[in-house]
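J.: Let me give you the structure first, and then I'll get to my questions.
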Amino acid sequence: MLKIKNVTKQFGGVVAIKDVNFEVKQGEMFALVGPNGAGKTTLFNIITGAFEPTSGHVNFKDEEITGLNPVKIVERGIARTFQNIRLFNSMTVLENVLIGFHNHIEYTFFEAAFRFPRFFSQEKIHKELAMDILKFLKIDNYADHNAKALSYGNQRKVEIARALATEPDLLLLDEPAAGMNPKETEELADTVFRLRSEKEKTILFIEHDMKFVQKIADRVMVLDYGKTIFEGKPADMMQNKTVIKAYLGDIDVEG
């Protein structure tokens, strides 16, 4: 589904990632791990169009998407969440999710301004779809609550809900378990499994919580100083001497 071919990104004289290659297959849960500054988020930014690679190619569903702007990337079926939660805190949970439908709006500005029937019919459809997403994530009872009033774990779910509203085939999650307590992390793992099994989503995620990675990832790629040092199954990663030396020796593998 997603193919990264010889991708390099330089910022001035600094090489953030160098000659990175990997493929995410449809229906797979693929993890990117590595120390801070390894280039993981830079890679996410290239995939989602925030950065253009210095060299290399990004292909999605057999189409070259290298250098497309973020709106075009979303239209093609890729959505993401962020390491630092980015919600509109002055809005309700439902309003935050409705923003995700902006690429599917069929009424014109004129029709919205003068409240034409098509505006109301589209708004009704989008609200129903948004509530379905919130129900799937088990936060529909917070629909009318202010987003900033929710727990950290539920705010993460709101961000995932907004990404799902764009109807992606590939969902990128940037450190989804960061800052969560063990109960919230367990619930998140269940949610990600359900996204694949019930919503048929392919998941690419960045994560430092190795217990979470081992539980949900089919395959893992480890970056260190912008280079790939391992790609394979989570269990094999935990035994890899290069990975242990570069990364695992400095973290709590029990999460």
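What follows draws every value from the coordinates through simple rules; no lab data is involved. Predicted model only: the values in this text are computed from it and were never measured. Cβ: placed from backbone, ideal geometry, glycine included. Neighbour counts: every protein chain shown.
J.: Restricting attention to the range 60-98, which trypsin sites (Lys or Arg not before Pro) occupy a DSSP loop and are surrounded by at most 12 other Cβ atoms within 10 Å?
T.: Answer in residue order: 86.
J.: Taking 30 Å as the cut-off for C-alpha to C-alpha distance, list the pairs among 201/241; 3/245; 5/72; 5/157; 5/148; 124/211 that go past it.
T.: With Cα atoms farther than 30 Å apart: 201/241; 5/157; 5/148; 124/211.
J.: In the chain, if every C-alpha pair distance is counted and binned at 10 Å from zero, what percent goes to each bin?
T.: All Cα pairs, binned at 10 Å, distribute as 7, 29, 34, 21, 7, 2, 0 percent.
J.: Something else about it: When the dipole is taken about the Cα centre of the chain, and only Lys, Arg (+1) and Asp, Glu (-1) are charged at their Cβ, what size is it in debye, to the nearest 20? Working shown, then result.
T.: Numbers: 33 positive and 36 negative charges, 41 e Å.
Dipole of the chain, to the nearest 20 debye: 200 debye.
J.: Give the cross-link partners of residue 9 among the lysines, using a straight C-alpha distance below 19 Å as the criterion and excluding same-chain residues fewer than 8 apart.
T.: 18, 40, 227
J.: Longest segment of the chain with no GluC sites (Glu not before Pro) in a DSSP loop having at most 13 other Cβ atoms within 10 Å? Walk me through the intermediate numbers first.
T.: Details: sites that count: 106, 198, 200, 254.
My reading of the result: 1-105 is the longest stretch.
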